[in-house]
Amino acid sequence: MGRFDRHTLVPGWDQQRLAGATVVVCGTGALGSQCAQALALAGVGRLVLCDPDDVSESNLSRAPLFRADDVGRPKAPTAARRLAELSPVTRVDARTAPLVSGVGLAELRDASLVVGCLDSLAARLQLAGRCLLAGATLLDGGTSPWGGEVRLYEPSGPCFGCGLTDRDRAVRDDPWACADAVVPETGASAPVSALIGSWLAVTAVRLLCGADTTPGLVRVDAAGGTAVPVTVRRDPGCPLHTRIPADLVAPVPETVLSTPADLTAHLAPEETVMTWAPLPGSAPTRESTRLADAPPRARLTDLGVAPREILPVLVAGRTRRIRYLELSEAGGKGTPR
Ligand SMILES: [Zn+2]
């Protein structure tokens, strides 16, 4: 039998659609590894893995893609190498930057699906906000000691932030923020990561194949032997529901390898390009989000700008207006890397 012959016997399975799909997986720890492994074996055509962390000793008991020799190596490229061995039909693109610098809004917008396998509240909120800006569907997962949650958010429906209080939504990822930015360490194990990671992957495959999938949250409790749908309503006070209007986005030939000086060719004198994250470096550029404050010849990638990012442009004047520039893919739009 061929590699995918058993798949063809599954009602609703569409191998061709899976082969043509791109899935962005944010976080490649235990949950992300389990989910990405199942998606690659299922024959998903392209995976973009984003994780700024290195493999640690504690990952070895839960993440099937890492070996003892990998400790200290970056997670995303290490996982990408193992996935390439498992699934020769899957192209895997590894990003080692934090989410906001790792995957651009145009990549999120054009992905077939975005999967969140993150372990902090701040990172989940950031991913939810960026998916809403880009109009991307987000499948988010999290584990508890004996279970977890799988949450499917469509751009027009409730989001991860809708289920939180204002205080939780105000959480920041700064290490010095006093709010509870990182979820306190809870018990975790390979069986539970495999359970929730596989649930994410099954939901992803059904979505990608065009099979019926219900948006919302499923709470899985292996100790109680239950999986219960939980209703999440859109909170009118949730500030994350801003979508970039497509007609305000101007594609430019510049890429993440271009410089702030290159982008000024597309600006009127009263316009300023902004970044989504503060610029790196020392004062006064640190904390600034104006590209004009960066060295004009620095590459955008070195300034923390993500590939195929959509950058806001502020138009000064009596009525403050905003438009957007969309960076092209480095190496040519749509060119495989
Ligand atoms: Zn919301």
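The values are calculated or read from the model by the stated rules, or taken from the named source; none is laboratory data. This structure is a prediction, so every number in the text was calculated from the model and none was measured. Methodologically, a virtual Cβ is constructed for each residue, glycine included, from the backbone with ideal geometry; neighbour enumeration extends over all protein chains shown.
Considering each residue of region 115-167, count those that are outside any loop (DSSP other than H, G, I, E, B), surrounded by fewer than 22 Cβ atoms within 10 Å (Cβ to Cβ) and over 18 Å from the mean Cα position of the chain (by Cα), and give that number.
Of the residues in region 115-167, 6 are outside any loop (DSSP other than H, G, I, E, B), surrounded by fewer than 22 Cβ atoms within 10 Å (Cβ to Cβ) and over 18 Å from the mean Cα position of the chain (by Cα).
Kindly evaluate R169 against the criterion of being within 14 Å of the ligand (Cβ to nearest atom) and touching a Cys at 6+ places or on another chain (Cβ under 8 Å).
yes
Among the residues of region 115-164, write down those that are within 12 Å of the ligand (Cβ to nearest atom) and among the hydroxyl-bearing types (S, T, Y).
Those that are within 12 Å of the ligand (Cβ to nearest atom) and among the hydroxyl-bearing types (S, T, Y): Y153, S156.
Just a yes or no: is a residue in region 255-265 within 16 Å of the ligand (Cβ to nearest atom) and surrounded by 13 or more Cβ atoms within 10 Å (Cβ to Cβ)? Quick ask: steps written out before the conclusion?
Taking region 255-265 first, the residues within 16 Å of the ligand (Cβ to nearest atom) are none.
The answer is no, given that none of the residues of region 255-265 is within 16 Å of the ligand (Cβ to nearest atom) and surrounded by 13 or more Cβ atoms within 10 Å (Cβ to Cβ).
Which pairs do you get when a residue that is within 13 Å of R169 (Cβ to Cβ), found in region 218-243, comes within reach of a residue that is within 9 Å of the ligand (Cβ to nearest atom) and in a loop (DSSP other than H, G, I, E, B), reach meaning Cβ atoms under 6 angstrom, with the pair 6+ apart or on two chains?
From region 218-243, the pairs are L240/C159.
Going by the conditions given, is A79 among the aliphatic types (A, V, I, L, M), touching a strand residue (DSSP E or B) at 6+ places or on another chain (Cβ under 7 Å), in a strand (DSSP E or B) and under 24 Å from R3 (Cβ atoms)? Let's see the steps before the verdict.
On the way: among the aliphatic types (A, V, I, L, M): yes; touching a strand residue (DSSP E or B) at 6+ places or on another chain (Cβ under 7 Å): yes; in a strand (DSSP E or B): no; under 24 Å from R3 (Cβ atoms): yes.
So A79 fails the test.
From the list S87, S56, S112, pick out the single residue that is modelled with pLDDT of 95 or more and surrounded by fewer than 16 Cβ atoms within 10 Å (Cβ to Cβ). Outline the logic, then answer.
Numbers: S87 fails: surrounded by fewer than 16 Cβ atoms within 10 Å (Cβ to Cβ); S112 fails: surrounded by fewer than 16 Cβ atoms within 10 Å (Cβ to Cβ).
The conditions single out S56.
Among the residues of region 1-12, write down those that are within 18 Å of C35 (Cβ to Cβ) and assigned to a loop (DSSP other than H, G, I, E, B). It would help to see each step written out before you state the result.
In the first step, residues of region 1-12 are kept if they are within 18 Å of C35 (Cβ to Cβ); the result is 7.
Listed by number, the list is empty, since nothing qualifies.
Considering each residue of region 282-313, count those that are more than 25 Å from the chain's Cα centre (by Cα) and surrounded by 16 or more Cβ atoms within 10 Å (Cβ to Cβ), and give that number. Quick ask: steps written out before the conclusion?
Initially, region 282-313 is screened for residues more than 25 Å from the chain's Cα centre (by Cα), giving 282-285, 292-298.
Then drop every residue that is not surrounded by 16 or more Cβ atoms within 10 Å (Cβ to Cβ), which leaves 285, 293-294, 298.
Residues meeting the conditions: 4.
Please find, within region 67-84, the residue that is modelled with the lowest pLDDT out of those that are small (G, A, S) and more than 24 Å from A128 (Cβ to Cβ).
Of the residues in region 67-84, the ones small (G, A, S) are 68, 72, 76, 79-80, 84.
Filter once more, so that each one left must be more than 24 Å from A128 (Cβ to Cβ): 68, 72, 80, 84.
On the way: A68: 98, G72: 98, A80: 98, A84: 95.
Of everything passing the filter in region 67-84, A84 is modelled with the lowest pLDDT.
Restricting to region 241-295, what's the tally of residues that are outside any loop (DSSP other than H, G, I, E, B), among the acidic types (D, E) and over 22 Å from R130 (Cβ atoms)? Can you show your working first?
Our first condition is that a residue be outside any loop (DSSP other than H, G, I, E, B); within region 241-295, this holds for 246-251, 260-264, 271-274, 290-293.
Still in the list and also among the acidic types (D, E): 247, 262, 271, 293.
Pick out the ones that are also over 22 Å from R130 (Cβ atoms) and you get 262, 271, 293.
The total comes to 3.
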